[in-house]
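Single-structure report; data block below.
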Amino acid sequence: MASSLVARGLSKVREIVASATSLVGESPERMLERVRQQLQECAENRGGEVSTRQRAARLAQTYLELDDAGRLAFLRMIALEFGPDPARIAEAHADYQAALGTDAQWEAEGRLREATASARLRILTQFNAIAQGVKFLVDMRADLLRHLRKAPELAVLDHELEAALTTWFDVGFLELTRLTWHSPAALLEKIVEYEAVHEISSWRDLKNRLDADRRCYAFFHPRMPMEPLIFVEVALLEDLADNVQSLLDEHAPVFDSSRATTAIFYSISNTQPGLRGVSFGNFLLKRVVDDLKRDFPKLKTFATLSPIPGLTSWARGNRDKVLAAFSTSDWKRLAEAGIDGPQAPLLESVLAGEHLPEHDTALSRALRPPLTRVAARYLLGEKKGVRPLDPVARFHLGNGARVERLNWMADRSDKGIAQSWGMMVNYLYDPDRIEENLEAHAEDGRIDATASLRRLLDH
C-alpha cells in the first residue's frame with residue numbers, strides 16, 4: 001500500500017523519469033551499478049532545481065522497482081559508501097585543535113563541521129523536492145527499521161534519517177485536524193486502516209466513533225495532507241470509563257455532550273512505522289485537551305481507558321512473580337471455582353490468555369483479586385531501565401499522567417483477553433500535577449499512582 005501511494009504521488013513527474021530504464025531483467029551487478037551511479041549523482045548535487053527533482057524522482061522510481069533484497073542493498077550502499085571522508089575529518093580536526101584560542105578558530109570549526117557532514121543527508125534531502133517525497137522517506141525508513149536487526153551497519157543511516165525526520169516533523173509544522181463523518185472518504189478509510197487499538201469493524205462502527213458524543217483528532221504534516229501521523233479517539237462522558245465494549249456499542253444512545261465532565265482517550269494510534277522515535281503524541285494530547293476545553297467548558301477530568309498490551313506475555317516469562325501475588329485465601333476461592341492449585345490446567349489456560357473467565361462468574365470473582373495485583377505490580381514495578389516495561393504505560397507516564405485505576409474485564413474481546421486477561425487501566429492527566437509527574441518520571445522513573453493501587457503492591 002505504501003509503495004503504491006508513493007508511486008501515485010510520483011505520477012506528477014512521470015515525464016521526468018520517462019527516460020529511466022526498467023530494472024526488470026537486469027543482472028544484480030548491473031542493477032547495483034545503476035543504483036550506485038544514481039546515488040553518486042544525488043550526492044554531487046549538481047545543477048539547479050529541475051535537475052535535483054529529476055535525479056530524486058529517478059532514484060525514487062529505482063527504489064520502488066526493487067524487491068526487498070534489492071532495497072536492502074540500496075540502503076546498505078547509502079550507509080556504507082556515502083559517509084564522510086575519515087581523512088578529511090582527521091585533517092580538519094587537527095587544524096581545529098591547532099587553531100584553538102586564535103582568530104582562526106571559528107573558521108577552522110566551520111571546516112570541521114563541513115568535513116563531518118555526510119553525503120547521505122544530501123541524498124535524502126533531495127527527495128523533499130518531489131511530490132510525495134516526504135512520504136517516500138518515511139516509508140523508506142520503515143523498510144530500514146525492518147532490516148536493522150539483521151543488518152546493524154544500517155544504524156548510521158537510521159540515525160541520520162531519524163534526525164532529519166525529527167526536524168522535518170517538528171510539532172510546530174504539524175496541523176491538528178478534527179475528523180468527522182463528513183471528512184473525505186479517502187481519509188476515513190485511512191482511519192479504519194490505521195486503527196491499532198480497537199479494530200473498526202464497519203462503516204457503522206466508524207460512524208459511531210464520530211458521533212456527537214465522540215471526537216477524533218489527528219496530526220497532519222503539510223507535505224502529507226492525506227496521511228494522518230497519529231490520531232486519538234475521545235469519548236465524552238460524566239465519569240471514568242471502565243469498559244471499552246460500552247464505549248464502542250453501536251446501539252447505545254448518544255450521550256448529551258453538553259453534560260460531559262470527563263473526556264476519555266480510548267484509542268491512540270501511530271500510523272507511520274517510519275516515524276518511530278519521532279515523538280509528537282504528547283503534543284497531540286495537549287492540543288486536544290485545549291480544543292476540548294474550549295468546546296466543552298464543563299470538562300474537568302481528562303483520562304484514558306488504555307490497554308495493557310504486554311501483561312500476559314510478561315506473565316508467561318515470570319510465573320514465580322505471578323504466583324507470588326496469590327494469597328492463601330485466593331487459593332481457597334479458586335479451589336471452590338474449580339482450580340485446584342498452581343499446576344491446574346485451567347489456571348495455565350487463564351494465565352496464557354486462552355480462557356475467558358467472565359463466562360464463569362465464580363471463577364471470575366476468584367481470579368479478580370490476584371490478577372489485579374499482578375497487573376498493578378507489572379505496571380508499577382516492572383521496568384526497562386528506569387522506564388515502565390509496558391509500552392502504553394511508558395507513553396502516558398512519560399507525559400505526566402497518573403495510574404488511576406485498574407478495570408477488571410474492561411475489554412472482553414479476544415485481543416483483550418489474550419494480552420491482559422481483559423483488564424484495562426485509566427491514566428489520569430491532572431493539570432495540577434502533570435509537570436511535576438513529568439519531571440519526576442524523567443529524573444529517576446518515579447511513577448505517580450493512587451493509594452489504592454499502591455496498596456496492591458503490599459499484599
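For Arg294, are the conditions met, namely being charged (D, E, K, R) and within 25 Å of Lys415 (Cα to Cα)? No; evaluated as a whole, the condition is false for this residue. When the range 58-67 is filtered for residues that are open to solvent by 30 Å² or more (accessible area, probe 1.4 Å) and either free of Cβ contacts under 8 Å to residues at least 60 places away in the same chain or small (Gly, Ala, Ser) (or both), the ones remaining, listed by number, are Arg58, Gln61, Glu65, Asp67. Once the range 188-215 is narrowed to residues that are in a loop (DSSP other than H, G, I, E, B) and of a type in the set (Asp, Glu), the residue that is surrounded by the fewest Cβ atoms within 10 Å (Cβ to Cβ) is Glu199. Pairing each residue of the range 366-387 that is of a type in the set (Asp, Glu) with any residue that is assigned to a helix (DSSP H, G or I), provided the two are 6+ apart or on different chains, yields C-beta distances under 7 Å for Glu382/Trp314.
Reported count of residues in the range 242-276, each being open to solvent by 20 Å² or more (accessible area, probe 1.4 Å), more than 30 Å from Val138 (Cα to Cα) and of a type in the set (Val, Ile, Thr), is 2.
For the range 132-170, residues that are open to solvent by 40 Å² or more (accessible area, probe 1.4 Å) and either closer than 30 Å to Arg204 by Cα or assigned to a helix (DSSP H, G or I) (or both) total 11. Within the range 367-383, the residues that satisfy the criterion of being more than 10 Å from Gly310 (Cβ to Cβ) and either small (Gly, Ala, Ser) or out of contact with any strand residue (DSSP E or B) (no Cβ under 7 Å at 6 or more places or on another chain) (or both) are Leu367, Arg368, Pro369, Pro370, Leu371, Arg373, Val374, Ala375, Ala376, Arg377, Gly381, Lys383.
Considering the range 396-421 alone, what residues qualify as being hydrophobic (A, V, I, L, M, F, W, C) and in contact with a strand residue (DSSP E or B) (Cβ under 8 Å, 6 or more places away or on another chain)? Within the range 396-421, Leu397, Ala401, Val403, Leu406, Ala410 qualify.
For a quick check of your reading of the model, give me the residue pairs whose first member lies in the range 277-296 and is under 10 Å from Phe219 (Cβ atoms) and open to solvent by 30 Å² or more (accessible area, probe 1.4 Å), whose second is assigned to a helix (DSSP H, G or I) and among the β-branched types (Val, Ile, Thr), with beta-carbon atoms closer than 8 Å and at least 6 apart or on different chains. Close Cβ pairs satisfying both conditions: Phe283/Val171. Taking each residue of the range 333-353 that is under 17 Å from Arg368 (Cβ atoms) and looking for partners that are at pLDDT 90 or above and part of a helix (DSSP H, G or I) with beta-carbon atoms closer than 6 Å, six or more apart or interchain, yields Arg333/Ala366; Leu334/Ala366; Ala337/Ala366; Ile339/Leu347; Leu351/Ala315; Gly353/Thr312; Gly353/Ile417; Gly353/Ala418. Here Ala218 clears all of (1) open to solvent by 30 Å² or more (accessible area, probe 1.4 Å); (2) among the hydrophobic types (A, V, I, L, M, F, W, C); (3) under 19 Å from the mean Cα position of the chain (by Cα) except the condition numbered (1).
Out of Asp390, Asp360, one residue alone is charged (D, E, K, R) and crowded, with 24+ Cβ neighbours inside 10 Å. It is Asp390. Given the condition in contact with a Lys or Arg (Cβ under 8 Å, 6 or more places away or on another chain), in contact (Cβ under 8 Å) with a residue 12 or more places away in the chain and surrounded by 17 or more Cβ atoms within 10 Å (Cβ to Cβ), answer yes or no: does some residue in the range 109-123 qualify? Within the range 109-123, one or more residues are in contact with a Lys or Arg (Cβ under 8 Å, 6 or more places away or on another chain), in contact (Cβ under 8 Å) with a residue 12 or more places away in the chain and surrounded by 17 or more Cβ atoms within 10 Å (Cβ to Cβ). Phe395 meets all of the listed conditions (1) of a type in the set (Phe, Trp, Tyr); (2) closer than 30 Å to Glu439 by Cβ; (3) at pLDDT 95 or above but one, namely (3).
The values are calculated or read from the model by the stated rules, or taken from the named source; none is laboratory data. From a predicted model like this one, the values you see are computed outputs, not experimental measurements. Methodologically, a virtual Cβ is constructed for each residue, glycine included, from the backbone with ideal geometry; neighbour enumeration extends over all protein chains shown. Just the protein is used for accessible areas: all its heavy atoms, side chains included, with ligands, DNA and RNA removed. Shrake-Rupley method; radii C 1.70, N 1.55, O 1.52, S 1.80 Å.
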